[in-house]
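For reference, the structure is listed below as structure tokens.
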Amino acid sequence: MSISAAPLFKPFAIKNLKLENRVVMAPMTRSFAPGGVPGADVAAYYRRRAENKVGLIITEGTVIDHPASTNDPRVPHIHGEAALSGWAKVVAEVHAAGGRIMPQIWHVGTVRKMGDKPNPEAPPIGPSGLFKPGVKVVEPMSEAEIESVIAAYGRAAGEARSLGFDGVEIHGAHGYLIDQFFWEGTNQRSDRWGGDMLARTRFAAEVVKSCRSNVGPDFPIVFRYSQWKQQDYAARLATTPELLGKFLAPLSDAGVDVFHCSTRRFWEPEFDGSHLNLAGWTKKLTGKPVITVGSVSLDTDMFAAFRGKGATITSIDKLIEMFERDEVDLVAVGRALLVDPAWAAKVHDDRMQDLLPFTPESMKSLS
Ligand SMILES: Cc1cc2nc3c(=O)[nH]c(=O)nc-3n(C[C@H](O)[C@H](O)[C@H](O)COP(=O)(O)O)c2cc1C
């Protein structure tokens, strides 16, 4: 028999934001926003999760006001009148169902290729113009470009607040623009934006400060980061707890309220000699609340989904034990919530036998 899921359903507060429970919908790109505009189907999709006990929804990545911020014409924008009024309707639907929602703000950097839509004329940008070590796609960003992109992140956070979102998540993970500054494999600059670990966090810290100055002191800012990169699953920003502490301190000082620590399997220890995972270490080192994530209730990791593979249901006992030991504060659930809007309600009601397995077909529609 499984242990009680009650620890997942205790309330939690981030500053003045009160969450009914600890279950977070993980940000998942769905590409159902033609022309960058989220429509009524997107609003209904998020509303269904809010109606079914998800404590906090983090939206799919939504791209900032820069011509090269995306490589997919069906990814939503967080700029421009049509997209912003689409998001206002999403927020209204989620709030009407008693839910809480934050947009994930995003720039893909050199994951975009020359000529990609939309805006095929806009070249990609990256700290050193590298997609990965040895693969140069463009010249390094100029100082002026860096400053203008930092300002665009700040404007996106300001829009999030104006639209009535409950906070904002900055996407600093998975080898996209911000992570390209973090990772020495893609940041070979010798000016103040590159060099040692501390220098490589400068861009992200400035992004956080720019967001903070646009949203004021009380609006929650979540920062998502990962060790792994889509360019190299084995890459690591920090190989020891000491280095991780050095990496996190400037971000924490810049005004991050919650760290969202993206791992593929939540139960894996991050460093030898301790069972703590990346989120557990982040909480211990910064004293800030953390979100853990990765294969919750599923037997394969997210890359299986991108290879067209499904996943079957597994126990969440290890996750609940982590909450009981107070190692993590919130848990993000990805594929299990993509396939099943009622995942949280079923776990709450101890109906684990009713959870749906993840199928790659579920990615083809917004159910
Ligand atoms: C279809 C799909 C789209 C995703 N899009 C994003 C995204 O836009 N931003 C992001 O930070 N992570 C994204 N992810 C990663 C998820 O947020 C999550 O970290 C990952 O799926 C692991 O959680 P899971 O094992 O519960 O699915 C995506 C994952 C999937 C499956």
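The values are calculated or read from the model by the stated rules, or taken from the named source; none is laboratory data. Every value quoted in this text rests on a predicted model; they were computed, and no experiment measured them. Heads up, the Cβs are rebuilt from the backbone with ideal geometry, glycines too, and the neighbour counts pull from every protein chain shown. With ligands, DNA and RNA removed, areas are computed over all heavy atoms of the protein, side chains included. Shrake-Rupley method; radii C 1.70, N 1.55, O 1.52, S 1.80 Å.
Descriptive notes on the structure:
- Pick from the stretch 44-59, criterion more than 24 Å from Leu319 (Cβ to Cβ) and buried (at least 21 other Cβ atoms within 10 Å of the Cβ), ranking: farthest from the ligand (Cβ to nearest atom): Arg47
- Conditions (1) open to solvent by 40 Å² or more (accessible area, probe 1.4 Å); (2) of a type in the set (A, V, I, L, M); (3) within 20 Å of Tyr45 (Cα to Cα): number failed by Met302: (3)
- Matching residues in the stretch 143-172 - criterion: being farther than 30 Å from Leu19 by Cα and open to solvent by less than 50 Å² (accessible area, probe 1.4 Å): Ile146, Val149
- Under the condition of being closer than 22 Å to Ala342 by Cβ and either away from the ligand (no atom under 14 Å from the Cβ) or charged (D, E, K, R) (or both), the residues counted in the stretch 31-40 number 1.
- When Glu139 is tested against (1) outside any helix (DSSP H, G or I); (2) touching a residue at least 24 places away in the same chain (Cβ under 8 Å); (3) among the charged types (D, E, K, R), only condition (2) is not met.
- The set of residues in the stretch 180-210 that are of a type in the set (Phe, Trp, Tyr) and touching a residue at least 60 places away in the same chain (Cβ under 8 Å) comprises Phe182, Trp193, Phe203.
Listed here are the residues, each with its yes/no results for (1) in a loop (DSSP other than H, G, I, E, B); (2) within 17 Å of Leu338 (Cα to Cα).
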| residue | (1), (2) |
| --- | --- |
| Lys18 | no, no |
| Thr29 | yes, yes |
| Val42 | no, yes |
| Val54 | yes, yes |
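- Residue that is farthest from the ligand (Cβ to nearest atom) [pool: residues in the stretch 94-106 that are assigned to a helix (DSSP H, G or I) and surrounded by fewer than 21 Cβ atoms within 10 Å (Cβ to Cβ)]: Ala96
- Check on Asp340, modelled with pLDDT of 95 or more, of a type in the set (Asp, Glu) and either more than 21 Å from the chain's Cα centre (by Cα) or surrounded by fewer than 22 Cβ atoms within 10 Å (Cβ to Cβ) (or both): no
- Of the residues making up the stretch 89-131, those that are over 24 Å from Val256 (Cα atoms) and polar (S, T, N, Q) are Thr110, Asn119, Ser128.
- Some residue of the stretch 151-161 being modelled with pLDDT of 95 or more, touching a Cys at 6+ places or on another chain (Cβ under 9 Å) and aromatic (Phe, Trp, Tyr): yes
- Within the stretch 285-308, tally of residues that are more than 11 Å from the ligand (Cβ to nearest atom) and either within 18 Å of Val23 (Cα to Cα) or at pLDDT 95 or above (or both): 6
- Listed by position, the helices (runs of 4 or more DSSP H) inside the stretch 173-280 whose residues that are surrounded by 17 or more Cβ atoms within 10 Å (Cβ to Cβ) and modelled with pLDDT of 95 or more number at least 3 are 177-182, 202-215, 241-254.
- For the stretch 71-87, the set of residues classified as open to solvent by 30 Å² or more (accessible area, probe 1.4 Å) and not in a helix (DSSP H, G or I) consists of Asn71, Asp72, Pro73, Arg74, His77, His79, Gly80, listed by residue number.
- Just so you know, in the stretch 317-333 the residues that are within 11 Å of the ligand (Cβ to nearest atom) and in contact with a helix residue (DSSP H, G or I) (Cβ under 7 Å, 6 or more places away or on another chain) include one that is farthest from Glu268 (Cα to Cα), and it is Val333.
- Scanning the stretch 4-25 for any residue that is β-branched (Val, Ile, Thr), under 25 Å from Phe303 (Cβ atoms) and modelled with pLDDT of 95 or more turns up at least one such residue.
- Val24 outside any helix (DSSP H, G or I), within 13 Å of the ligand (Cβ to nearest atom) and buried (at least 24 other Cβ atoms within 10 Å of the Cβ): yes
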